[in-house]
Amino acid sequence: MTDNTKKSDTATELLSFLVGGQDYSVDIMSVREIRGSAKATSLPHAPPFVRGVINLRGTVLPLIDLAARLGLETGQDTDRNVIIVVDLGERTVGLMVDAVSDILAIPEEDMQAPPDMAADETHNFVSALTIVDGRMIRILDLNAIMPDQNEEAA
Amino acid sequence: MSDPMEEIRASYFVECEELLESLQDGLQQMDDGHDDSETINVVFRAVHSIKGGAGAFGLDDLVKFAHRFETAMDEVRAGRFVPDSAAIKLFFQCADILADLVRAARDDAVIPESITNPVLDTLDEMVGTSEEVEEEIEFAPMVLNLDLGGGGASGLPDLPGLPALSGLPDLPGLPDLPGLPDLPGLPELDSALPLPPASPAGQTDNSGNQLNHFRILFSPENSLYSSGNEPLYLLRALRDLGEIKVRCDTSTLPGLGDLNPENGYLSWIIELSTEENQTTVREVFEFVDGLCDLDIATADDTALIAENAVAPQPELTVTAEPDTSAARLPDLVPEIADILPDVTPEPEVAPALDKEPEPMDTSTAEYDAQSAAGAQSSAKATPTQPRATVRVDLERIDRLVNLVGELVINQAMLSQSVAETSLPQNSPVQTGLEEFLQLTRDIQESVMMIRAQPIKSLFQRMSRIVRESSAMLGKDVRLFTDGENTEVDKTVIERLADPLTHMIRNAVDHGLESTADRIATGKEPVGHVTLTANHRSGRIVIDVTDDGAGINREKVRQIAINKELIAADAQLSDTDIDNLLFLPGFSTADKVSNLSGRGVGMDVVKSAILGLGGRISISSVEGKGTTFSISLPLTLAVLDGMVVQVAGETLVVPLNAIIETLTLTEDDLRALGPQTHVVQIRGGFDPLLDLGAELGYRAPKDSYIGDIVLLIGQEDGKRAALVVDAIEDQRQVVIKGLEASYGRVAGIAAATILGDGQIALILDPVDLVSEATGRTRVPPKHLSIAG
């Protein structure tokens, strides 16, 4: 999670969404907007999870297929796909997800670190877990989503 | 520190940059043999103004250095020291240090005296000024000698402190002045002057301009004040005409008891040196005609010189606002201190008193008691009318550029939707749209012009690099520049500084032979490095040329083989060998010098230039020299492109890269290997590249017959044919960088937004072609370019 020190006594607000049939969420403070799907212009030599770039009111926005990034099964694209525009430090990217579910307020103490286990790819992207209405929600570590410059340049 | 102060400080540093630029200019001119007084004055004034501002902000280091530099320049200006080329070199060095000090002061850094002092000592030694004397003058009190109206001192009985003041014993240049036996009293002088002749007597000053000298007696009547006129404005108007010296005659000022606040008591004696004729001067007083006693006379030469010599003494130099002067002179002129606050609220007299500082303040501020002559000509600084300019925050311009970019996209969208409504060709909507298109282009160009600035500042930095590196290497090098007024986008200039610095150092270090070698080969001992800029077909081309030995191709080749950059039996053309210099890790210098040759060199330069959308090429003639040529886009914001379709994707190919387009026939196409083809165009064979396959959009096709190809030309004359599916349009597109949001993509320069709101990628054909050819050489995995 990002910096929570200021609101340790209050709950963290999370935006939860569905990706590859599973529940994920991100800190709502890093979400800039949610928009409908758009046709992306594909980038040559890009990793498979980079769908390409889309036009967000004049800005070139990289679009990440989150299901592919997380190693989940990618369903076929529908018009119902949603793009969550998030800030990653100085960069802004779009995350393509199946659907946005809810906004949750989760108190700090209800969040657990993911248990240590043999790391598959997805494990690296989850910073915490929580349970809401009997469903496990994974909280994404956004900084792990976007590959660093050197990795993608190769 | 409060905000306004910060702002003033910031603008001082901006001014400093300008002053440093004109200082460089001036020194360059002196170096080129223009030693006229105007040039020297420019240099002097630049240093002087920097010092003045620095003093105001308490930047002591800067003041100290600037002061001694100024002193030296003053010697030059006074003709007591005639600089030779070595001296000018030293002046350049001083200017460089001054620039460093200014920047250090700006960034709150400190430059140790160990750097500045040796230079200063050399300077003092050379010019023959001694520090002690100057130091003393430096701290002499600000001159505050009140004008006594020439010889009319006695006319002011109630200013008791004045005689002492005019003595000013600690002005070494002046001690004998008060004693001048034939100090002409004002009345005599006036009568001695000829009355206005029909054609004013003209004389030529050093700078070659025809100057007329006038002596104007201006005594406002009370009605002038009561009709709302303000002598200050008249004096200012005169100041705008030329060099001006104003004296206020206060001799009719009565004692406080007799003073009628409704009356004006002051009159002015103005000496004006201007290029204008008498009519123009008289026009200044047009509106107060009949409200004052006015006498405009052409001052003859001798009278003027006499006046000048006397100037510091009788000249009225009440410094600041009336209350300030009152505060400064409490014990000297108690009466005035009393008068002024009283008088201020009164409309008639107050402005009259108020205005005194105004026309004078330039001369007062400039007057730092160096010498009579010094004060005399520093007052000249006033009337040079600068070109009207506005300083604008770069961020604001960028915002404007972005907005215009959006406008262009919007306009494209609009055109597209109008086209879809299938209106008749000549409908008013269509014509209106065309005009709109024209206007958008015009706006865009104008906005780009705002960002553009002369490349001069960059060239000046380079001249410093040449000076420093040649001094370090003990080579005698002269830098010639041409086309320094060529305008380039500011961003380009900024990002060009590092690569160009490197190239210049290379030219001095590796390009030019040592002085001994030059003499041995019968060349002029002084090496020449030439830096030129010019516009060529929508790009700016910057050449760095040296007249050195040229590239030793055999040596280059040998080094490349030794470093296993090429195979020992590789067949390379001269151009190929030259281009080896751009390979990473290549260094030809036998010994690693302090300046260049650390193995990071031309490859870094090349990638910096490529990053700007530019190209770099070399041409070299053995024994004659080497030229590095950089070609850059004028702006990083827009480009003309051809919109093409490849494998369902829309791409933009920069128009300037395309030589021609053609449809392939069976005859054009030749198979080179199983996967590779060449195209035979006009007798030449060019590699065929399938754009869709190169970008990974699709597998290579079996046959390319009937396909459209774009023939791409590179700076070095290499060509390649790119297969595309369709050509859609040709239009201007706004460049949107990909690097910030995503990262560098091989073969892609940037992105843009098309009329339908979709993003299209802008191809970097040269990168793509070199990528592709690079890949064939190293088959399995292609090398990455980006770091």
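With respect to the conditions (1) open to solvent by less than 50 Å² (accessible area, probe 1.4 Å); (2) among the acidic types (Asp, Glu); (3) farther than 28 Å from B:Leu612 by Cβ, B:Asp686 falls short on a single one, namely (3). With respect to the conditions (1) touching a residue at least 12 places away in the same chain (Cβ under 8 Å); (2) in a helix (DSSP H, G or I); (3) under 25 Å from the mean Cα position of the chain (by Cα), B:Ile409 lacks only one, and its number is (3). Those strands (runs of 3 or more DSSP E) of region A:22-101 in which 2 or more residues are under 13 Å from the mean Cα position of the chain (by Cα) and among the polar types (S, T, N, Q) occupy A:22-27. Going through region B:713-738 one residue at a time, which ones are more than 27 Å from B:Thr440 (Cα to Cα), at pLDDT below 85 and either open to solvent by less than 60 Å² (accessible area, probe 1.4 Å) or in contact with a Cys (Cβ under 8 Å, 6 or more places away or on another chain) (or both)? Passing the criteria: B:Gly713, B:Gln714, B:Gly717.
Being within 12 Å of another protein chain (Cβ to nearest Cβ), farther than 24 Å from A:Ala128 by Cβ and not basic (Lys, Arg): is that true of A:Asn55 here? Yes: the conditions hold for A:Asn55.
Which condition number in (1) open to solvent by less than 50 Å² (accessible area, probe 1.4 Å); (2) more than 21 Å from B:Val14 (Cα to Cα); (3) assigned to a helix (DSSP H, G or I) is the one that B:Pro83 fails? Going through (1) open to solvent by less than 50 Å² (accessible area, probe 1.4 Å); (2) more than 21 Å from B:Val14 (Cα to Cα); (3) assigned to a helix (DSSP H, G or I) one by one, B:Pro83 breaks only (3). One residue stands out among those in region A:79-112 that are free of Cβ contacts under 8 Å to residues at least 40 places away in the same chain and more than 14 Å from every other protein chain (Cβ to nearest Cβ): the one that is most open to solvent (accessible area, probe 1.4 Å), which is A:Glu109. If only residues of region B:639-681 that are open to solvent by 20 Å² or more (accessible area, probe 1.4 Å) and within 14 Å of another protein chain (Cβ to nearest Cβ) are counted, the one that is farthest from A:Gly52 (Cα to Cα) is B:Gln645.
Matching residues to (1) hydrophobic (A, V, I, L, M, F, W, C); (2) within 16 Å of B:Asp31 (Cβ to Cβ); (3) not assigned by TED's automatic domain parsing to the domain that holds B:Phe13:
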residue	(1), (2), (3)
B:Ser49	no, no, no
B:Ala56	yes, no, no
B:His67	no, no, no
B:Ala87	yes, yes, no
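Taken over region B:18-60, the criterion of being touching a residue at least 12 places away in the same chain (Cβ under 8 Å) and of a type in the set (D, E, K, R) is satisfied by B:Glu21, B:Asp25, B:Asp31, B:Asp35, B:Asp36, B:Glu38, B:Arg45, B:Lys51.
Only residues that are among the hydroxyl-bearing types (Ser, Thr, Tyr), open to solvent by 10 Å² or more (accessible area, probe 1.4 Å) and facing chain A (nearest Cβ under 7 Å) were counted across region B:739-775, and they come to 1.
The values are calculated or read from the model by the stated rules, or taken from the named source; none is laboratory data. What you are looking at is a predicted structure, and each value in this text was computed from that prediction instead of being measured. For neighbour counting, all protein chains shown are included, and Cβ atoms are generated from backbone atoms with ideal geometry for every residue, glycine included. Each accessible area value is taken on the protein alone, full model and side chains, heavy atoms only, with ligands, DNA and RNA left out. Shrake-Rupley method; radii C 1.70, N 1.55, O 1.52, S 1.80 Å.
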